[in-house]
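The values are calculated or read from the model by the stated rules, or taken from the named source; none is laboratory data. Not measured: the values here are computed from a predicted model. Note that each Cβ is placed from the backbone with ideal geometry, even for glycine, and that neighbours are counted across all protein chains shown. Note: areas computed on protein heavy atoms with side chains; ligands, DNA, RNA excluded. Shrake-Rupley method; radii C 1.70, N 1.55, O 1.52, S 1.80 Å.
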Amino acid sequence: MLYSNLSTNEQGHLTIGGLDALELVKEYGSPLMVLDENRVRENCRIYVNAVKEYLPKGSMPLYAGKAFCFKGLYSIIDSEGMGADVVSPGEVYTVSAAGFPMQNVYFHGNNKTDEDIALAIEKKLGCFVADNRDELISIDRIARENGIKQRVLLRLTPGIDPHTHAKISTGKVDSKFGTAIETGQAMELVEFALGLENINLEGFHCHIGSQIFESDPFCDAADIMLKFVADVKAKFGYEVKVLNLGGGYGVRYVESHPQIDIAANIKKLGEHIAADCEKFGIVAPAILLEPGRSIVADTCTTLYKIGNVKTITGYKSYVSIDGGMTDNPRYALYGSEYTVINATKADKTADFVCTVAGRCCESGDLIGEDIAIASPERGDILAVLTTGAYNYSMASNYNRICRPAVVIVKDGETRVGIRRETFEDLIKCDM
Ligand SMILES: *Cc1c(COP(=O)(O)O)cnc(C)c1O
């Protein structure tokens, strides 16, 4: 199996964290997202321990909540000693409602409205990652109205183009995110920020993209950012305290993807940062990292019930499931690959090649094509692995399909993390 928490039992069923997938569906219904808490904790610890060991004093990993955001998950993340980053007022509200220590929360986004800024300040959110000049002006004004000095990082674009999907590449100069170093605008923004009375400029942030497997782009980003830190010191005598290098470490969705050794990557990054700081003659800033995908992706499995199975003579076979792009839009958006298993026949050979289709009135509503599974039949349970990141958080009610339930498994026990949506939920806002 792709992950150590998955196995097969005597009945030939898939087990998740030791629990029979079919029994879970019997108890909680379908589709069902099954989140393995111990695996989330293991992933957090890899970051927490490596950051403590290899990065400068005061460094911390933050969980990027946009990957999967709900109260129960934030409690787990907090108890593992990670901070959080949020990108919208809804995420600010959720993390606050979860009782998360707000001083460890960082607020991203390329367009925070005045209302968003006011909400975050009201919730005593720790640090803003300001995108540009307009936003700085608003943060400064609203902070003044509230009688506080707001901690701020500036989001900068280092001009890095990692090898990943264009829609998840974010560090290039031409990006909707941040302010570019290359054009000189970042330096102007620093001068401007240093002059604002209610802004406490702590440092800089960059995020180069997502699902990145190489370590070089992160080291390249660190080089560029630390060179900029040195230039800022030379120009304004200002010493940067915090450098946030964003998220983006890749995750293994299918056997052919590499398995990243995150701790080794952070070690390499740490050595790189130490050498840079020495070369540029600067004090090493505290480093923040913002993993999202690599914390949650491989902790969750989505279970669907197979409905119609049909073969178009001379073409191919379609296996339809009771979910699809409404709970997992990643194939429709990016053509993302997944490992799919017939959980009812997990011990059988996967030799039936098919397209797995969702139930929406939309031809693009697929989970994958040319997927081999063991002889699918109506009523079988289909497991799609690695669905913890950018699945539920991107889910919709298209076709008025209810979002699935999320059940958390831990040491053989289960509890509901997010209850299943009901038809009443669907019409709740209809007047
Ligand atoms: C998306 C994002 C992350 C998380 O990226 P992953 O690839 O999920 O690790 C972190 N920081 C920022 C600013 C982001 O936009």
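Scanning segment 194-230 for residues that are in a loop (DSSP other than H, G, I, E, B) and among the aliphatic types (A, V, I, L, M) yields Leu196, Ile208. Tallying residues that are surrounded by fewer than 24 Cβ atoms within 10 Å (Cβ to Cβ) and either within 12 Å of the ligand (Cβ to nearest atom) or among the small types (Gly, Ala, Ser) (or both) within segment 70-101 yields 13. Within the option set Ile273, Ile266, Ile260, being part of a loop (DSSP other than H, G, I, E, B), of a type in the set (A, V, I, L, M) and outside the structural domain of Ala343 (by TED's automatic domain parsing) holds for one residue only, Ile260.
Scanning segment 231-257 for residues that are in a loop (DSSP other than H, G, I, E, B) and closer than 18 Å to Ile46 by Cα yields Leu245, Gly246, Gly247, Gly248, Gly250, Val251, Arg252. If you go through segment 253-283 and keep only what is among the polar types (S, T, N, Q) and either touching a Pro at 6+ places or on another chain (Cβ under 6 Å) or open to solvent by 30 Å² or more (accessible area, probe 1.4 Å) (or both), you end up with Ser256, Gln259. With respect to Ala286, is the statement that it is open to solvent by 10 Å² or more (accessible area, probe 1.4 Å), more than 17 Å from Tyr3 (Cβ to Cβ) and under 24 Å from the mean Cα position of the chain (by Cα) true? Spelling it out, Ala286 is indeed open to solvent by 10 Å² or more (accessible area, probe 1.4 Å), more than 17 Å from Tyr3 (Cβ to Cβ) and under 24 Å from the mean Cα position of the chain (by Cα). Whenever a residue of segment 399-420 is β-branched (Val, Ile, Thr), its partners that are loosely packed, with under 14 Cβ neighbours inside 10 Å, lying with C-beta atoms within less than 6 angstrom and at least six residues away or across chains, give the pairs Val407/Val416; Ile408/Arg415. For segment 199-222, a tally of residues being open to solvent by less than 50 Å² (accessible area, probe 1.4 Å) and either of a type in the set (S, T, N, Q) or in contact with a His (Cβ under 7 Å, 6 or more places away or on another chain) (or both) returns 5. Between Thr326, Thr313, Thr301, the distinction of being assigned to a strand (DSSP E or B), out of contact with any His (no Cβ under 9 Å at 6 or more places or on another chain), away from the ligand (no atom under 16 Å from the Cβ) and among the β-branched types (Val, Ile, Thr) belongs to Thr301 only. Against the test of being of a type in the set (Gly, Ala, Ser), free of Cβ contacts under 8 Å to residues at least 60 places away in the same chain and either open to solvent by 60 Å² or more (accessible area, probe 1.4 Å) or under 22 Å from Asn104 (Cβ atoms) (or both), the options Ala234, Ala230 yield a single qualifying residue, Ala234.
Assigned to a loop (DSSP other than H, G, I, E, B), touching a residue at least 12 places away in the same chain (Cβ under 8 Å), in contact with a Gly (Cβ under 8 Å, 6 or more places away or on another chain) and open to solvent by less than 20 Å² (accessible area, probe 1.4 Å), is that true of Thr355? Criteria not met by Thr355. Pairs meeting the criteria (first residue in segment 150-162 and on the phi > 0 side of the Ramachandran plot, second residue modelled with pLDDT under 95 and within 12 Å of the ligand (Cβ to nearest atom), beta carbons under 8 Å, at least 6 apart or on different chains) are Gly159/Gly171.
Note on segment 39-136: enclosed helices (runs of 4 or more DSSP H) holding 2 or more residues that are assigned by TED's automatic domain parsing to the domain that holds Glu191 are 114-122. Residues in segment 289-335 that are open to solvent by 50 Å² or more (accessible area, probe 1.4 Å), of a type outside the set (D, E, K, R) and touching a residue at least 60 places away in the same chain (Cβ under 8 Å): Asn308, Val309, Leu333, Tyr334. Apart from one condition, Met394 fits all of (1) crowded, with 19+ Cβ neighbours inside 10 Å; (2) under 18 Å from Met33 (Cβ atoms); (3) touching a Pro at 6+ places or on another chain (Cβ under 8 Å); the exception is (1).
State yes or no: is Asn5 polar (S, T, N, Q), open to solvent by 30 Å² or more (accessible area, probe 1.4 Å) and more than 16 Å from the ligand (Cβ to nearest atom)? In short, no. Being out of contact with any helix residue (DSSP H, G or I) (no Cβ under 7 Å at 6 or more places or on another chain) and either away from the ligand (no atom under 13 Å from the Cβ) or not assigned by TED's automatic domain parsing to the domain that holds Arg330 (or both) is a property that Arg155 has. Screening Tyr106 with (1) under 17 Å from the mean Cα position of the chain (by Cα); (2) open to solvent by 20 Å² or more (accessible area, probe 1.4 Å) gives one miss only, at (2).
Conditions tested, residue by residue: (1) open to solvent by 20 Å² or more (accessible area, probe 1.4 Å); (2) over 14 Å from Leu35 (Cα atoms); (3) part of a strand (DSSP E or B).
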{"position": "Arg359", "(1), (2), (3)": "yes, yes, no"}
{"position": "Glu362", "(1), (2), (3)": "yes, yes, no"}
{"position": "Gly368", "(1), (2), (3)": "no, yes, yes"}
{"position": "Ala372", "(1), (2), (3)": "yes, yes, yes"}
{"position": "Pro376", "(1), (2), (3)": "no, yes, no"}
{"position": "Gly379", "(1), (2), (3)": "yes, yes, no"}
{"position": "Ile408", "(1), (2), (3)": "no, no, yes"}
{"position": "Arg415", "(1), (2), (3)": "yes, no, yes"}
{"position": "Arg420", "(1), (2), (3)": "yes, yes, no"}
